[in-house]
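Colleague: Below: one structure in structure tokens.
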């Protein structure tokens, strides 16, 4: 079974839907009314409480949050960062990130609790 993921609000639910259709446990902030418009720290806390690695392109805000977790000896289920330099937000964005997520999820051992990693092209 692959690592459950929560896609931050920058990602459309169509990415989560495509990954679920392939058998992966992926939800998205935009599809959950309880999560929409919550502050970043609450999104990360919700993902951690559900055992989901959080996927975000909001690197500048989530790296400091990860630092706060570490300083408080808290853990999250993982933080997967998506660089807009690696994955430009153009017409091919959805297909490229969906493919990269699918490759990553096929090897769930790559995602460790508390780990911070960048998504790579598949």
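Colleague: Residues of region 85-97 being modelled with pLDDT of 90 or more, surrounded by 12 or more Cβ atoms within 10 Å (Cβ to Cβ) and assigned to a loop (DSSP other than H, G, I, E, B), which ones?
Modeller: Those that are modelled with pLDDT of 90 or more, surrounded by 12 or more Cβ atoms within 10 Å (Cβ to Cβ) and assigned to a loop (DSSP other than H, G, I, E, B): 86, 87.
Colleague: Could you please give the count of residues in region 1-10 that are at pLDDT below 95, farther than 18 Å from residue 107 by Cβ and touching a helix residue (DSSP H, G or I) at 6+ places or on another chain (Cβ under 7 Å)?
Modeller: Total meeting the criteria: 1.
Colleague: Now for a different question. Answer with yes or no whether residue 100 is surrounded by 13 or more Cβ atoms within 10 Å (Cβ to Cβ), modelled with pLDDT under 95 and under 19 Å from residue 16 (Cβ atoms).
Modeller: In short, yes.
Colleague: Those residues that are under 22 Å from residue 15 (Cα atoms) and not in a helix (DSSP H, G or I), I need them from region 40-75; list them, please.
Modeller: 51, 52, 53, 54, 55, 56, 57, 58
Colleague: Filter region 71-81 down to the residues that are in contact with a helix residue (DSSP H, G or I) (Cβ under 9 Å, 6 or more places away or on another chain) and either surrounded by fewer than 19 Cβ atoms within 10 Å (Cβ to Cβ) or without any contact (Cβ under 8 Å) to a residue 60 or more places away in the chain (or both) and list them by number.
Modeller: 74, 75, 76, 79, 81, listed by residue number.
Colleague: A further question follows. Quick check on region 103-122: of everything there that is out of contact with any strand residue (DSSP E or B) (no Cβ under 9 Å at 6 or more places or on another chain) and assigned to a helix (DSSP H, G or I), which residue is modelled with the highest pLDDT?
Modeller: Looking at the filtered set, the residue picked out is 103.
Colleague: Can we say residue 22 is touching a residue at least 24 places away in the same chain (Cβ under 8 Å), touching a helix residue (DSSP H, G or I) at 6+ places or on another chain (Cβ under 7 Å), under 16 Å from residue 111 (Cβ atoms) and surrounded by fewer than 22 Cβ atoms within 10 Å (Cβ to Cβ)? Even if it seems obvious, please write down each step before you answer.
Modeller: Values: touching a residue at least 24 places away in the same chain (Cβ under 8 Å): yes; touching a helix residue (DSSP H, G or I) at 6+ places or on another chain (Cβ under 7 Å): yes; under 16 Å from residue 111 (Cβ atoms): no; surrounded by fewer than 22 Cβ atoms within 10 Å (Cβ to Cβ): yes.
Judged against the criteria, residue 22 is not a match.
The values are calculated or read from the model by the stated rules, or taken from the named source; none is laboratory data. Note that the structure is a prediction, hence the values are computed from the model and not measured. When we count neighbours, we look across all protein chains shown, and the Cβ atoms used for this are built from the backbone with ideal geometry, even at glycine.
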